[in-house]
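**Student:** Below you'll find the structure I mean.
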Protein chains: 4
Amino acid sequence: MPMSTAVLDTVADLCRTVAALHGELTRNELVIWTAGNVSARVPGEDLMVIKPSGVSYDQLTEDTMVVTDLHGELVHGRFAPSSDTAAHAYVYRHMPEVGGVVHTHSTFATAWAARGEPIPCVLTMIADEFGGEVPVGPFAMIGDDSIGRGIVDTLRGSRSPAVLMRNHGPFTVGRDARSAVKAAVMVEDVARTVHIARQLGTPEPLRQEDIDRLHDRYQNVYGQHQER
Amino acid sequence: MPMSTAVLDTVADLCRTVAALHGELTRNELVIWTAGNVSARVPGEDLMVIKPSGVSYDQLTEDTMVVTDLHGELVHGRFAPSSDTAAHAYVYRHMPEVGGVVHTHSTFATAWAARGEPIPCVLTMIADEFGGEVPVGPFAMIGDDSIGRGIVDTLRGSRSPAVLMRNHGPFTVGRDARSAVKAAVMVEDVARTVHIARQLGTPEPLRQEDIDRLHDRYQNVYGQHQER
Amino acid sequence: MPMSTAVLDTVADLCRTVAALHGELTRNELVIWTAGNVSARVPGEDLMVIKPSGVSYDQLTEDTMVVTDLHGELVHGRFAPSSDTAAHAYVYRHMPEVGGVVHTHSTFATAWAARGEPIPCVLTMIADEFGGEVPVGPFAMIGDDSIGRGIVDTLRGSRSPAVLMRNHGPFTVGRDARSAVKAAVMVEDVARTVHIARQLGTPEPLRQEDIDRLHDRYQNVYGQHQER
Amino acid sequence: MPMSTAVLDTVADLCRTVAALHGELTRNELVIWTAGNVSARVPGEDLMVIKPSGVSYDQLTEDTMVVTDLHGELVHGRFAPSSDTAAHAYVYRHMPEVGGVVHTHSTFATAWAARGEPIPCVLTMIADEFGGEVPVGPFAMIGDDSIGRGIVDTLRGSRSPAVLMRNHGPFTVGRDARSAVKAAVMVEDVARTVHIARQLGTPEPLRQEDIDRLHDRYQNVYGQHQER
């Protein structure tokens, strides 16, 4: 079925946005070589825009982006979609509130994932953004629905937009691709800070009621609305 | 009450300066996303210039800066002021010698803050800039006067221009915004160096009389006067 | 014996490629000053293109590259070849499938090399790229065939394109220079991530059958073929 | 006594060189704010060129450089000389073979200095450049000859061009300013690598005879002569 002009415009916009957001991954040193990816749901359609597989970040332009359906089948694009497409697609199928997904192997978040240890909520920034500890998802093989299922099962029991997939790395979600990228930047930052804090002692977790108040305020008051 | 032309000129200058100083936060890798802020007191007025809330660092220009009174009420600007405005305002109300305030979540300083542990004075650079250990302030909720009160109460008992707010991150002050930014850069640098030194042993603190001599010399002799 | 025009064209291409690939070493912070090098075999000839000795990375252009035979004797170029030329040449003589070799002293890989400890296969990325743990090679003096022999002996018993030469640093190989550079980037990344994971616990290694499946898939399915 | 035209030309050249070499300090992340300095001896004269005190690295041009005699007295320049001038001058007076001196507070080297622990010779790169462990100098107050004396006394008993001044940071020397900057880059690199190696075990030191052979070869064979 051909896309309407309005959908084509939306897809073109998202290709630009998603290509540009990969620049945040490199700028924040979350990825090396080709090992990370951003996708965005096409609102109202069973479609998503995602990074092509094995293409360098400095060659990622809107023209190299790939459009697939929500089972990862190629709909439009000159390249094969990211090898993590199945995981992104599974998340979009099962979490309708999610508009963007990001996967990286960022160093400190992946180190917590390698140990299978959640990041404890010992900083106001963690309460703000993650609403509690950052949870660990199961070990899952790459290539089928296992990773997607692990992400969805873990995030459903949490306020966190980030999950540390065991022996693998972080996946983050958001209401749009930019929010998911923000969560990817933040999870690496708190993973690093809490790691360093823990090297010389054990920081005390925040109290649940303080976490709740901080999280509520941050989600509802902070920012200029477009940036919440 | 409308501002005089002279005050308007001063405010415009400070907007330029404060916008530019945020570039030092990113250049020195003290902040990610929108999570840090610089403010400056408008000399002789009950006004301050501060970063808008939730705006990216690469979109911060003098035109996006916000002017508030010293209770954090918006006086001029297109955006809402930083969510840390109440803390900055409290400091200006209670420390008349302070002309600039900076807040970051820089990694190593925040790690010491997460453990609630002061940075010991084991380096000549710490004696020079901080005049002793870098102190820890109390845990305080975001949004009211608690943070400002914690900053002021802690800094009053210390020669340090930096305080590590528990489970949160560093705040620094200076006679102007540039000095406060310098202190923010320096506190992260010494937090990192002492952390690394401590990982493989326990560095010996400097003697109090050496700290006093180094601090006195640095505050009174070093630099070209405009850079003291 | 003079080179044919076709060989001269290939050599000129490789000089451009190898010069440009040194930019990846600096961009990925694998080298400082002049301490790392990339080479490429000239296909079908007993020749290789390699970095000159002791020349800064920002002065490396195609014109400064050096051509030697596979015993390290200078064939073409204005500069002396890298002091690691003998090791590169030994690898090309004994591993006909190798088209590119890289040597760095990248921080975390060199730290594992200093302890003589292989990097365990605790991440999907390690299974993908290295097919198991990253092995350690013997301590060998610089300047004769010892290093080359140590690299070849170690890599022959492994699926890994990287070897950690004891008390020295990593060497990587690939079917071309770009693949060897990719392996150099990846070995530093996993060396760093596993180091950090190990600082606060012991990550569990992947099962051999999962490693085999991941490695097979990555080597045969991932990427756009030109990037495999 | 006025300088001859030939000396003026040499001084102008050195001002350019020394200003540019400060760019290597920032590029290699050895310094923050204004906290590090490079100097060069004016060959055949009792003069040196050094960084001005408290001037930002991005404002350092040849015109801001300062010329002093070898007791640190200002001979030419619009700014006050670096507050470390006395230490540089002492080195030039007592080590006639030294043509360049560098001081930084680079993180890892300063961490070893904070513990007063020499960096053991566990890497071929340390044998190459430093000819053995990197030694620790005494704690000395800033402002008189104490630091210079500590540097000279320590370096005289060592092949190392670097000394870790206790609770302060590294000083390096070279036959010219570029060599001293190289040593400053290398000492931070090996300080970092050995620190990281030591975090998870104890790397075995090289044997003395291997250190001697590596050092001899590197000092006499490596590089294009201008870059030794």
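**Student:** What number, in nm² with one decimal, is the all-direction average of the projected area of the convex hull of the alpha-carbon atoms of region B:5-220?
**Tutor:** On the way: hull surface 45.5 nm².
Taking the Cα atoms of region B:5-220, their convex hull projects to 11.4 nm² on average.
**Student:** Here is a further query. Could you give the size of the charge dipole of region D:5-220 about its Cα centre, using +1 on the Cβ of each K and R and -1 on the Cβ of each D and E, expressed in debye and rounded to the nearest 20?
**Tutor:** On the way: 19 positive and 28 negative charges, 73 e Å.
With Lys and Arg at +1 and Asp and Glu at -1, about 340 debye.
**Student:** With a 1.4 Å probe and every protein chain left in place, work out the accessible area per residue of region A:5-220 in Å², rounded to a whole number. Walk me through the numbers on the way to the answer.
**Tutor:** Numbers: 7510 Å² over 216 residues.
On a per-residue basis, region A:5-220 sits at 35 Å².
**Student:** Using only the alpha-carbon atoms of region D:139-182, report the extent along each of the three principal axes, biggest first, to the nearest angstrom.
**Tutor:** Here the Cα extents, ordered largest to smallest, are 27, 20, 17 Å.
**Student:** Here is a follow-up. Work out which residues of region A:168-195 lose at minimum 10 square angstrom of accessible surface when the other protein chains are put back, relative to the chain isolated, with a 1.4 angstrom probe, and list them by number.
**Tutor:** Going by heavy-atom accessible area, the residues of region A:168-195 that drop by at least 10 Å² are A:HIS168, A:ARG178, A:LYS182, A:VAL185, A:MET186, A:ASP189, A:ARG192, A:THR193, A:HIS195.
**Student:** A further question on this structure: Please state the shape class of region C:1-120: rounded when a/c is under 1.5, otherwise prolate if a/b exceeds b/c and oblate if not, all from the C-alpha gyration tensor.
**Tutor:** The shape class here is prolate.
**Student:** If you don't mind, another one. Name the residues of region D:26-67 whose accessible area, probed at 1.4 Å, falls by at least 10 Å² once all protein chains are in place instead of their chain on its own?
**Tutor:** D:ARG27, D:ASN28, D:GLU29, D:ILE32, D:TRP33, D:THR34, D:ALA35, D:SER53, D:GLY54, D:SER56, D:ASP58
**Student:** For region B:21-83 and region C:82-119, write down the distance between their C-alpha centroids in whole Å.
**Tutor:** Distance between centres, Cα-based: 50 Å.
**Student:** Now for a separate question. Check C:VAL75: other-chain or 5+ apart residues with amide H under 5 Å from its amide H, H built from backbone geometry?
**Tutor:** Under 5 Å from the amide H of C:VAL75 lie the amide H atoms of C:VAL67, C:THR68, C:ASP69, each far enough along the sequence or on another chain.
**Student:** Another one. Can you list the copy-to-copy distances for D:GLU62, using a point 7 angstrom from Cα toward Cβ, in nanometres, shortest first?
**Tutor:** So the distances to the same position in the other copies read 3.3, 3.3, 4.7 nm.
**Student:** Hey, if you put +1 on the Cβ of every Lys and Arg and -1 on every Asp and Glu Cβ in region D:130-190, which of D:MET165, D:GLY137, D:LEU155 ends up farthest toward the positive end of that dipole?
**Tutor:** D:LEU155
**Student:** Right, something else. Under unit Cβ charges (Lys, Arg +1; Asp, Glu -1), what dipole magnitude, rounded to 20 debye, does the protein assembly as shown have relative to its Cα centre? Could the numbers behind the result be given before it?
**Tutor:** Working: 80 positive and 116 negative charges, 216 e Å.
So the magnitude is around 1040 debye.
**Student:** Now, a different point. In debye, nearest 20, what is the charge dipole magnitude of region C:56-176 about its Cα centre with +1 on Lys and Arg Cβ and -1 on Asp and Glu Cβ, if you could check? Let's see the in-between values first.
**Tutor:** Numbers: 8 positive and 15 negative charges, 70 e Å.
Rounded to the nearest 20 debye, it is 340 debye.
**Student:** Kindly report, to the nearest 10 Å², the accessible surface of D:LEU60 as traced by a 1.4 Å probe over protein heavy atoms only.
**Tutor:** We get 20 Å² for D:LEU60.
**Student:** Now for a different question. Counting helices only, and only those DSSP H runs with n ≥ 4, report the 222 nm mean residue ellipticity of chain C as the sum of -39,500 (n - 2.57) divided by its residues, in deg cm²/dmol to the nearest 500.
**Tutor:** Values: 7 runs with 96 residues, N = 228.
The helix-only estimate for chain C comes to -13500 deg cm²/dmol at 222 nm.
**Student:** Taking the label point 7 Å from Cα in the Cβ direction, how far apart in nm is B:VAL7 from each other copy of itself, listed shortest first?
**Tutor:** Its label point is 5.9, 5.9, 8.3 nm from the equivalent points in the other copies.
**Student:** Which of rounded, prolate or oblate describes the protein assembly as shown when judged by the alpha-carbon gyration tensor and an a/c cut-off of 1.5?
**Tutor:** oblate
**Student:** When only DSSP loop residues count, what GluC sites (Glu not before Pro) in region C:14-78 have their Cβ near at most 16 other Cβ atoms within 10 Å? Walk me through the numbers on the way to the answer.
**Tutor:** On the way: sites: C:GLU24, C:GLU29, C:GLU45, C:GLU62, C:GLU73; in loops: C:GLU29, C:GLU45, C:GLU73.
Hits after loop and neighbour filter: C:GLU29, C:GLU45, C:GLU73.
**Student:** In addition: Which whole-Hz ³J(HN,Hα) couplings does region D:185-196 yield from phi under the Karplus relation 6.51 cos²θ - 1.76 cosθ + 1.60, θ = phi - 60°, glycine and proline marked x?
**Tutor:** Per-residue couplings from phi come out as 5, 5, 5, 5, 5, 6, 4, 5, 5, 6, 4, 5 Hz.
**Student:** While we're here: Using only Cα atoms, find the angle between the long axis of helix D:85-94 and the longest principal axis of chain D, and express it within 0 to 90 degrees, rounded to the nearest 10.
**Tutor:** 80
**Student:** What's the minimum Cβ distance from chain C to the axis relating it to D, in whole Å, and which residue gives it?
**Tutor:** C:GLN199, 4
**Student:** Hey, another quick one. If each label sits 7 angstrom from Cα along the C-beta direction, how far apart, in nm, is D:ASP46 from its counterparts in the other copies?
**Tutor:** Distances to the matching label points in the other copies: 6.4, 6.4, 9.0 nm.
**Student:** Using amide H atoms built in the peptide plane, which far-off residues or other-chain residues are under 5 Å from C:MET165 H to H?
**Tutor:** Long-range HN contacts for C:MET165: C:GLY137, C:PHE171.
**Student:** On a 0 to 90 degree scale, rounded to 10, what angle separates helix D:146-156 from the longest Cα axis of chain D?
**Tutor:** Approximately 50 degrees, to the nearest 10.
**Student:** Which residues of region C:104-141 show a drop of at least 30 Å² in accessible area when all protein chains are present, compared with their chain alone (probe radius 1.4 Å, heavy atoms only, ligands and nucleic acids excluded)?
**Tutor:** C:HIS105, C:THR107, C:ALA111, C:ALA114, C:ARG115, C:LEU123, C:THR124, C:MET125, C:PHE139, C:MET141
**Student:** How many Å² of accessible surface get buried when B and D come together, counting both sides, probe radius 1.4 Å, rounded to the nearest 100?
**Tutor:** 2800
**Student:** Could you tell me which of the pairs C:LYS182/D:LYS51; C:LYS51/D:LYS182; A:LYS182/D:LYS51; A:LYS51/C:LYS182; B:LYS182/D:LYS51; B:LYS182/D:LYS182 are separated by over 31 angstrom between their Cα atoms in the structure shown? Please list the in-between numbers first.
**Tutor:** On the way: C:LYS182/D:LYS51 40 Å; C:LYS51/D:LYS182 19 Å; A:LYS182/D:LYS51 41 Å; A:LYS51/C:LYS182 19 Å; B:LYS182/D:LYS51 19 Å; B:LYS182/D:LYS182 27 Å.
Long pairs (Cα-Cα over 31 Å): C:LYS182/D:LYS51; A:LYS182/D:LYS51.
**Student:** Moving on to the next point. Is the C-alpha gyration tensor of region C:44-111 telling us rounded, prolate or oblate? Criteria: a/c under 1.5 is rounded; beyond that, a/b larger than b/c is prolate, otherwise oblate.
**Tutor:** Working: a/c = 2.03, a/b = 1.06, b/c = 1.91.
Cα axes put region C:44-111 in the oblate bin.
**Student:** Continuing with this model, one more query. Heavy atoms only, probe 1.4 Å: what % of the accessible area of region D:5-220 goes to carbon and sulfur, would you let me know? Kindly include the intermediate steps, with their values, before the conclusion.
**Tutor:** Numbers: 3500 of 7500 Å².
Of all accessible area on region D:5-220, carbon and sulfur atoms account for 47 percent.
**Student:** Loop only per DSSP, at most 15 neighbouring Cβ atoms within 10 Å: give me the trypsin sites (Lys or Arg not before Pro) in region A:22-107, ordered by residue number. Kindly include the intermediate steps, with their values, before the conclusion.
**Tutor:** Details: sites: A:ARG27, A:ARG41, A:ARG78, A:ARG93; in loops: A:ARG78.
Those that pass, being in a loop and sparsely packed, are A:ARG78.
**Student:** Where does the charge balance sit around C:ARG41 when Lys and Arg score +1, Asp and Glu -1, over other residues with C-beta under 12 Å from its C-beta?
**Tutor:** Details: positive: C:ARG93, C:ARG175; negative: C:GLU45, C:ASP46, C:ASP69, C:GLU97, C:ASP176.
Within the 12 Å Cβ shell, the charges total -3.
The values are calculated or read from the model by the stated rules, or taken from the named source; none is laboratory data. Since we're looking at a predicted model, the values are computed, not measured. Glycine also receives a Cβ, built like all others from the backbone with ideal geometry; neighbour counts cover every protein chain displayed. We work out accessible area using only protein heavy atoms, side chains counted, and drop any ligands, DNA or RNA first. Shrake-Rupley method; radii C 1.70, N 1.55, O 1.52, S 1.80 Å.
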